[in-house]
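Notes follow the structure.
The values are calculated or read from the model by the stated rules, or taken from the named source; none is laboratory data. Since the structure is predicted, the reported quantities are computational estimates derived from the model, not experimental observations. As a convention, Cβ positions derive from the backbone with ideal geometry for all residues, glycine included, and neighbour counts pool all protein chains shown. Please note that ligands, DNA and RNA were not included when accessible areas were found on the heavy atoms of the full protein model with its side chains. Shrake-Rupley method; radii C 1.70, N 1.55, O 1.52, S 1.80 Å.
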Amino acid sequence: MSSRRPLVAGNWKMHKTGPEAREFCAALAGLVGEDPAVDVAVCPPYTALEASADALAGAPIAVYAQNVHENEKGAHTGDISAAMILATGADGALVGHSERRAAGDTDAQIAIRVRNAIDAGLLVVLCCGESLETRQAGETEAWVTRQIRSALEHVQPADIARLVIAYEPIWAIGTGETASPAQAQEACAIVRRVATEKVDGEVLRVLYGGSVSPANAAELMSQHDVDGALVGGASLDPESFAAIVAVAG
Ligand code: PEP
C-alpha cells in the first residue's frame, strides 16, 4: 500500500449533453458524498464542461477536459485552449488518449500540450499504452518507454503537482478485455520507472485504464503501482462509477 492518494477519473468520450451531464453530476455527487477516500474526476465532452463544473461546485469531484490544444489561440478549428477549459470551471485535461492519437495527435504535439497545459494551470492526465500487435510482438516495454520519454520531454520535477499518467493498453479500451492485475502492475511499474527520469516516481500517480468495471476494479487497484483508474464505459452510469470510486479507497 503506497501513500499516494488514488484517483478515479471517468472519461465520458462523446457522451452526454449539458443537461444530461448536469443530471449525472448531481446523482454522482450524492453517491460519492462529501468526503471520499480518493480523488474523483469526470471528463465530459467540451460542450458539457461548464454544466458539469457548475453542477459539481462545492463537491469533491474535479472536472477534466478530454484534450487540450498546445497553443493559446489561433487558427485551430475544432480545438480549445487551456484557458478556455479553465474558464468553464474545469481544472484538468486528458492528453494523448489513444483515441486522440489515432485521430492524429502526434508525439511532438502531446509533449508540448503537457508542458503548456501544466503552465496554464491544468492538471494533466497523460495517457499511454500499446496496441495488441505491439504486445504480441513483445514490445510493450519499449513502446511505453518511448511514449513516456517523448511526452515528458519538457517536464520538470516541480510539475509533479499537476501530472498524472494513465497506462491504457489499446487492446483493453472499450473491448471488455481487461489487462490482468499482473499485466497492469508490470506496465504501471514501467511507466513509473521511466517517469522517474523526470519527476519523483514515489509521488507520481499512475492509473490503469481499459475496461475497468465495478467487478474488476478492486483487484486492479490493489496492485502496488496502480494508483487508481481511468474509466470509460463504466463511468457513464453514476451507480457503476460510484461503485468503482468506493472500492478505490
Ligand atoms: C478510456 O477510454 O480511457 C477507457 C479506459 O475506456 P473503457 O473503460 O471503456 O475501456
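Remarks
- Matching residues in the range 187-228 - criterion: being small (Gly, Ala, Ser) and either within 15 Å of the ligand (Cβ to nearest atom) or over 20 Å from ALA151 (Cβ atoms) (or both): ALA187, GLY209, GLY210, SER211, SER213, ALA215, ALA217, ALA218, SER222, GLY228
- Only one of MET14, MET1 that is out of contact with any strand residue (DSSP E or B) (no Cβ under 8 Å at 6 or more places or on another chain), at pLDDT below 95 and either under 27 Å from ALA172 (Cβ atoms) or open to solvent by less than 60 Å² (accessible area, probe 1.4 Å) (or both): MET1
- The range 202-228, residues that are of a type in the set (A, V, I, L, M) and either within 24 Å of ASP159 (Cβ to Cβ) or open to solvent by 20 Å² or more (accessible area, probe 1.4 Å) (or both): VAL203, LEU204, VAL206, LEU207, ALA215, ALA218, MET221, VAL226
- For the range 222-239, the set of residues classified as under 16 Å from LYS16 (Cα atoms) and of a type in the set (Gly, Ala, Ser) consists of GLY232, GLY233, ALA234, SER235, listed by residue number.
- Failed item, numbered, when CYS25 is tested on (1) part of a helix (DSSP H, G or I); (2) open to solvent by 10 Å² or more (accessible area, probe 1.4 Å): (2)
- Restricting the search to helices (runs of 4 or more DSSP H) fully inside the range 75-186 and requiring at least 1 residues that are within 13 Å of the ligand (Cβ to nearest atom) and open to solvent by 10 Å² or more (accessible area, probe 1.4 Å) gives 98-102.
- Whichever residue in the range 1-21 is among the hydrophobic types (A, V, I, L, M, F, W, C) and more than 17 Å from ASP35 (Cα to Cα) and, among such residues, is farthest from the ligand (Cβ to nearest atom): MET1
- Yes/no for VAL199 being touching a Pro at 6+ places or on another chain (Cβ under 6 Å), open to solvent by less than 30 Å² (accessible area, probe 1.4 Å) and not in a helix (DSSP H, G or I): yes
- Pairing each residue of the range 195-215 that is among the aromatic types (Phe, Trp, Tyr) with any residue that is crowded, with 16+ Cβ neighbours inside 10 Å and assigned to a loop (DSSP other than H, G, I, E, B), provided the two are 6+ apart or on different chains, yields C-beta distances under 8 Å for TYR208/GLU168; TYR208/ALA179; TYR208/GLN223; TYR208/VAL226.
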